[in-house]
Structures are given as structure tokens and as C-alpha cells.
Amino acid sequence: MASFQVTTQLLNDKAGTIGNINERFLSIMADITRLMHNLQDEWQSEASNQFVAKFDQLNNDFKQYSEVIASYQKFLTNAATDYTSADSAIKSATADLFS
């Protein structure tokens, strides 16, 4: 039978990694957005306007995906905290078990 072990440290580490990647993603998207809008200074046409409008729609979708990723990061952090709290409560309860 296959088994796996998840520790609070692993959950916190993965949450941190996910958060860092998400921050880099948002930073890159901000750079691309700035470049796209600056492009309109040099490429002025209806096609340019449509291109930037479509990009802005996609960018809104990417922001929503980023929010989902951030909520998953928070879930992992909360799971680690809740597990630590539950483990401490069990330890405390068992300490008084045979007293």
C-alpha cells in the first residue's frame, strides 16, 4: 500500500514557493501590461486598440487565476497551522489522561 507523509514544514514550504511564483507571475504580467500599453504610442490603429483590449481581457483572467493561487497558498498555510494546533491539543489532552 502506498503511503505519503505531509509535515507542517512541507505545507509551509510549498505555500511559500507558491506565493513566490505567484508574485513573480504578477510582476511579469505588470511588465507585459506596461509594454503593451506603451506599444500604442508607436502602433496607433484600430488593430492595435483591439489587440490591447483583448490582452486586457486576458490580463483580467490571469489576475483571477492569481487570486485562486493565492487562496490555495492561504489554504496550505492554514492547514499547517490547524494541524499544529490540533496536535498541541491532543498532546495536552493526553498529558492529563492518566493523572
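Laboratory data are not the source of any read-out in this text; all were calculated from the coordinates shown. What you see is a predicted model; the values in this text were computed from it and never measured. Please note: Cβ atoms are built from the backbone with ideal geometry, for glycine as well, and neighbour counts cover all protein chains shown.
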In degrees, nearest ten, helix 8-39 long axis to first principal axis of the chain (Cα): 10
Tilt relative to the chain, helix 46-95 - C-alpha long axis, 0 to 90 degrees, to 10: 10
Lys, Arg +1 and Asp, Glu -1 on Cβ, resulting dipole of the chain about Cα centre, debye, nearest 20: 260
Relative contact order for the chain, counting Cα pairs under 8 Å that sit 6 or more residues apart, in percent: 53
Net charge of Cβ neighbours under 12 Å - reference Gln73; Lys, Arg +1; Asp, Glu -1: -1
FRET efficiency for Tyr65 and Ser85, using Cβ-Cβ distance with R0 set to 35 Å, rounded to 0.05: 0.70
Potential extension, Leu10-Thr94 segment - 0.36 nm per residue separation minus Cα distance: 27.7 nm
Neighbour-limited loop hits for chymotrypsin sites (Phe, Trp or Tyr not before Pro), the chain (at most 10 other Cβ within 10 Å; DSSP other than H, G, I, E, B): Phe4, Phe98
Principal axis box of the stretch 25-81, alpha-carbon based, largest edge first, Å: 53, 16, 7
The stretch 1-22 and the stretch 61-75: distance between their alpha carbon centers, rounded to Å: 16
Residue (of Phe75, Ala86, Met29) at the positive-pole extreme of the chain, dipole from beta-carbon charges: Ala86
Sparse-neighbourhood loop sites, GluC sites (Glu not before Pro) in the stretch 1-62 - DSSP loop, at most 12 other Cβ within 10 angstrom: Glu42
Entry for Rg/Rh (Cα atoms, Kirkwood Rh) (calculated from the structure that is shown) out of (i) 1.33; (ii) 1.27; (iii) 1.07: (i)
